[in-house]
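Only one structure is covered here, and it is reproduced in the block below.
Just so it is clear, none of the values below were taken in a lab; they were calculated from the coordinates. Just so you know, these numbers come straight off a predicted model, no measurement behind them. Neighbour counts are summed over all protein chains in view; Cβ atoms, including those assigned to glycine, are modelled from backbone coordinates with ideal geometry.
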Amino acid sequence: MELPVYQQIIEDIKKRIFRGELKPGDAIPSENSLCETFGVSRMTVRKGLAILVNEGYITSIPGKGSFVNEPDFEKYTLYYNEMSTAINTVDSTKLIEVKIILPSNKLQMSLNLPTNRKVILVKRIFYSGSEPVAYDEKYLIYYKGMPVVEKEIKYGTFPEMISKFTSLFAIKKELTISAQVPDHQISKYLSLYNSTPLLVVEQKLFNSEGKPIGLGITYFKGDNCRLFASSSFTD
């Protein structure tokens, strides 16, 4: 099936960028030139250029034209699922605790909560085979009458826990990754007998209005977790 003309324009410009025919800072053909080359209206050309702008390939400057961007290779797409890392997949979980609490000052600030707003605290241990590989805490903002289904809490990923209350498409996520020495309780959960640092992934979820709706912190044994990210402008 032949591509729509606006998509043909997109693919043509991308190919010229990938081949080095158009370099960062170069002007791409004008709208008039593209209209003539592809035999289409200015509206069709602008549709294709708008997509290229949105994808980060070009910048359009009113009255001057459109120019090839400098690739941003400091930007990566990170693939993260607390139940399945590049090394291990979680075979089973142990639900330690589910309770409704008043948040600490630190949690209030992180989730932008008033002092009397309660949260649901979920504590779990993840196992690969019989070995504990991660300790997990989730903090979900509590709403009156909000059901807590043990099966979903025990086995669900963080976005899945939230999905009953907001669309997954509306959720924005932020990750913070660090190395931390575990405290005594976490060491006990993970059967650790020394001060080996853990890989700690903090996951914060936001609704479509940009308001925090949950915080998750997962403590991985260093030899049981590997994160993967990629950076590329190619399809």
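Here the Karplus curve 6.51 cos²θ - 1.76 cosθ + 1.60, taken at θ = phi - 60°, turns the phi angles of region 103-111 into couplings of x, 5, 4, 5, 5, 4, 5, 5, 9 Hz, with x standing for Gly and Pro. Per residue, the convex hull around the alpha carbon atoms of region 38-132 comes to 261 Å³.
Give the lysines reachable from Lys94 as a straight Cα distance under 21 Å; neighbours fewer than 8 places away on the same chain don't count. Straight-distance partners of Lys94: Lys123, Lys138, Lys151, Lys154, Lys188, Lys221. The amide H of Ser66, built 1.01 Å from its N in the peptide plane, has Ile28, Ile61 as neighbours under 5 Å, considering only residues 5 or more places off or on other chains.
Here the relative contact order of region 5-68, from alpha carbon pairs under 8 Å that lie six or more residues apart, stands at 42 percent.
Candidate cross-link partners of Lys64 among the lysines, defined by an alpha-carbon separation under 22 Å and a same-chain spacing of 8 or more, comprise Lys14, Lys23, Lys47. Rounded to the nearest 20, the Cβ-based charge dipole of the chain about its Cα centre (Lys and Arg +1, Asp and Glu -1) stands at 860 debye. The residue among Gly210, Ser84, Ile177 whose Cα reaches farthest toward the positive pole of the charge dipole of the chain, with charges on the beta-carbon of Lys, Arg, Asp and Glu, is Gly210. GNM on the chain, alpha-carbon springs under 10 angstrom: the most fluctuating residue among Glu137, Glu74, Glu202 is Glu74. Computing Rg and the Kirkwood Rh from the Cα coordinates of the chain gives a ratio, Rg/Rh, of 1.13. Here the sum of -39500 (n - 2.57) over DSSP H runs of 4 or more residues, divided by the residues of the chain, equals -7000 deg cm²/dmol at 222 nm, to the nearest 500. Normalised Debye scattering of region 5-68 at q = 0.20, 0.22, 0.29 Å⁻¹ gives log10 I(q)/I(0) of -0.71, -0.87, -1.50, counting only Cα atoms as equal scatterers and leaving out solvent. Backbone geometry of region 192-205 corresponds, through the Karplus equation with coefficients 6.51, -1.76 and 1.60 at θ = phi - 60°, to 3J(HN,Hα) couplings of 9, 10, 9, 9, 5, x, 10, 7, 10, 10, 9, 10, 10, 10 Hz, x marking Gly and Pro.
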